[in-house]
Amino acid sequence: MAKKILIIGAVALGPKVACRLRRIDPDAEITVLDRDSVISYGGCGIPYYIGGDVADIEGLRSTQSHAIRNQEFFEKTKGVKVLCEVEAIEILRREKQVRVRFLAEGNREELLEYDKLVIATGASPLRPPFPGSDLPNVCIVANLHHAKQIKDLIAHGKVNKAVVIGAGAIGIEIAEALTDLWGVTTTVIEMAEQVLPAGLGKNVATVVQRQLEEHNVKVMISSRVQEITKADDSDELTVVTDRTSIPCDLVVLSAGVRPNTEIARKAGIAIGAFGGILVDRRMRTNDPNIYAGGDCAEIRNLISGENMLMPLGSLANRQGRVIATNINGGSSHFKGTVGTFCMKVFDMGVSKSGLTYRQSLRAGFDPVYSIVSQADRAHFYPSSQAMYITLVADRKTRKILGIEAVGKMGDAVKARVDAVASLLRAGSATVDDICGLETGYAPPYASAMDVINNAGNVLDNILDGRNITIDPVGFLKEFHNSNIKVLDIRDKKQAADFIEIYKERWLNIPLNELRTRLDEVPTDEPLFILCDTGSRSYEAQVLLLANGISNTRNIQGGLSLIKINEANFICHVE
Ligand SMILES: Cc1cc2nc3c(=O)[nH]c(=O)nc-3n(C[C@H](O)[C@H](O)[C@H](O)COP(=O)(O)OP(=O)(O)OC[C@H]3O[C@@H](n4cnc5c(N)ncnc54)[C@H](O)[C@@H]3O)c2cc1C
């Protein structure tokens, strides 16, 4: 008899399981149900629909051959039955049944049977508990209905000013969409002290923040929303924070998501510490007949070894394939994640894999990191652009823990991070593996010694005590809070303005004169060495060390990153 497979949830994981299973088991009786009327769409495309890159919302529901993925498509093309506007309300594990409610049919209830059940219920956006988070025009953005609601408001000219609450990836993508096409004056409010707090370290996050600001998005970090109010006589909203009040016409809440696990929990399916369904490597719950995956499940972080929630479509699809294989009697494993993600922020690409410095500390490592600022292709090639990379490793074992990268060429950024991500997944990659990582070279695509190799080389030098560093954030803190001096090894013309402002605190000895002017270098006080990117200042430090001068620290990323961290650095003391 054909196996009965029931899948709850029909967006990413659910349809993936159904379609793969159909391909490997032509006889299975596969039913997918969803409480929504719209199914199997690319939620990741929502910001690009709102921002106009994707003109038609149907584009997010169509296949490459332009078929719309609706009930009829699944029935006819895939041989999969899909029930829309049908909510699963109870799992009866002993009976192997799910009680469902037909929402469009007066909430009629029915019991559906299964041999194997898949829970693909995803996650729901959080509505923070402050007053006013449920007012009209305070929107969440999780599905195509929300996307359409927001786009309609804008397209009808009802939005001149918007506030996005939460500077995670979705909040930032929505801010870009509102600003870029529609010219909406947009403010992003984030309670953490940086944007992308769960994703990036502070140095790279600051580059992202500047990018937003340069494209007219106002960013308020370390700011807490207290309430949203609405005027009695108009649609105008006011977002009240602990620092200021911002009038606007639209608020988008992107304050994180919570896994949808109510029915699983009630059925006695094990739930983890982060609120997601617990699964093994085969994506099986504590009930051998029930699988779960995607945003509703916890997965293992392969670097920290701890469970985590990682709500990404990329992972949901991979897990879906594993589940289908296992339901069909195969043996497929989803080992876990190294948390690789990428995103576009206007004309800049951002990508990360593994742990940040702080996440590494929390996971019990003794992390150390390099920051490099280098051209993403041969520096003489006309379209070369600066790329910033942070590489994190464990001091004792030299094991790579994470990488973050930003740059104007998103594909180039992603290529570097993906290369390291595959090493991270394989486990035990060391700094030496990154130094020797073999990548293709041609001037239009890379340097002979690629930026990723240099990130490894710098870290190698740091670990060996040859490169004694401070990062731009640390430098700015110390420079403003003490009288510490800078040794600027750029040429005289480049240093002139700084000398005028910072006077005796700004010493200029160009690198090509340093060998003959060693006696001018102060040896009895700490000294920060500066160049444009941190590479020539390293050479200066090596030269000084060889001559017994060891009171220096090399500013990683150089002036280019300092100016990103503090745009008005040069005129700061005025
Ligand atoms: C704006 C936006 C941008 C994103 N961008 C990216 C990106 O660039 N890259 C990336 O990797 N990921 C991105 N994501 C995340 C990605 O969309 C999700 O990780 C993915 O959709 C998760 O798939 P899922 O099938 O687990 O859950 P979901 O997509 O949440 O689907 C779950 C479905 O289950 C239904 N459901 C829940 N409970 C029940 C029930 N009791 N009965 C019936 N139906 C139920 C829900 O209605 C929903 O339709 C983005 C998400 C959003 C919102």
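Farthest toward the positive end of the dipole of the chain, out of Ser65, Ala162, Ser447, is the Cα of Ser65, where the dipole comes from beta carbon charges about the Cα centre. Here's the list of lysines a cross-link from Lys116 could span, going by alpha-carbon distance under 29 Å and ignoring same-chain residues fewer than 8 apart: Lys3, Lys4, Lys16, Lys76, Lys78, Lys81, Lys96, Lys266, Lys335. Residues whose amide H comes within less than 5 Å of that of Arg553, counting only those at least five positions distant or on another chain, are Leu527, Phe528, Ile529 (H built at 1.01 Å from N in the peptide plane). Maximal additional length on extending the Ala198-Arg243 stretch stands at 13.9 nm, based on 0.36 nm per residue less the C-alpha distance. Candidate cross-link partners of Lys230 among the aspartates and glutamates, defined by an alpha-carbon separation under 19 Å and a same-chain spacing of 8 or more, comprise Asp134, Asp242, Asp249. Among the listed pairs Lys148/Lys344; Lys158/Lys344; Lys218/Lys344, those with a Cα-Cα distance over 19 Å are Lys148/Lys344; Lys158/Lys344. Here the sum of -39500 (n - 2.57) over DSSP H runs of 4 or more residues, divided by the residues of the chain, equals -8000 deg cm²/dmol at 222 nm, to the nearest 500.
Which stretch or stretches of region 303-347 have amide N atoms under 16 Å from the point lying 7 Å from Ile24's Cα along the Cα→Cβ direction? Within reach of a label on Ile24: 317-335.
Between the beta carbons of Asn216 and His156, assuming R0 = 22 Å, the FRET efficiency works out to 0.50 to the nearest 0.05. For the Cα atoms of the chain, what angle does the longest principal axis make with the long axis of helix 202-214, in degrees from 0 to 90, nearest 10? Result, in degrees: 80. Where in region 262-282 is the amide nitrogen less than 12 Å from a point lying 7 Å along the Cα-to-Cβ axis of Arg99? Once the point is set 7 Å along Cα→Cβ of Arg99, 267 turn out to lie under 12 Å by backbone N, inside region 262-282.
Using 1/(1 + (r/R0)^6) with R0 = 30 angstrom and r between the beta carbons of His480 and Asp519, what's the FRET efficiency to the nearest 0.05?
Numbers: r = 29 Å, r/R0 = 0.98.
So the FRET efficiency works out to roughly 0.55.
Within the straight-line cut-off of under 12 Å between alpha carbons, the aspartates and glutamates reachable from Lys151 are Asp56, sequence neighbours fewer than 8 places apart in one chain being disregarded. Could you tell me the center-to-center distance, by alpha carbons, between region 179-194 and region 340-368 in angstrom? Centre-to-centre distance over Cα atoms comes out at 22 Å. The long axis of helix 313-327 is offset from the longest Cα principal axis of the chain by roughly 50 degrees. First check a/c for the chain, with a ≥ b ≥ c the square roots of the eigenvalues of its C-alpha gyration tensor; if it is under 1.5, answer rounded, and if not, answer prolate when a/b is larger than b/c or oblate otherwise. Because a/c hits 1.5 or more and a/b exceeds b/c, the chain counts as prolate. Against the main long axis of the alpha-carbon atoms of the chain, helix 536-546 sits at an angle near 50°. The distance from the alpha carbon centre of region 220-277 to that of region 451-476 is 39 Å, rounded to a whole number. In a fully extended conformation the segment linking Glu539 and Ala270 would gain 91.2 nm over its present Cα-Cα distance, using 0.36 nm per residue.
Every number here is computed from the coordinates shown, using simple stated rules; none is lab data. Because the structure is a prediction, the values reported are computed rather than measured. When we count neighbours, we look across all protein chains shown, and the Cβ atoms used for this are built from the backbone with ideal geometry, even at glycine.
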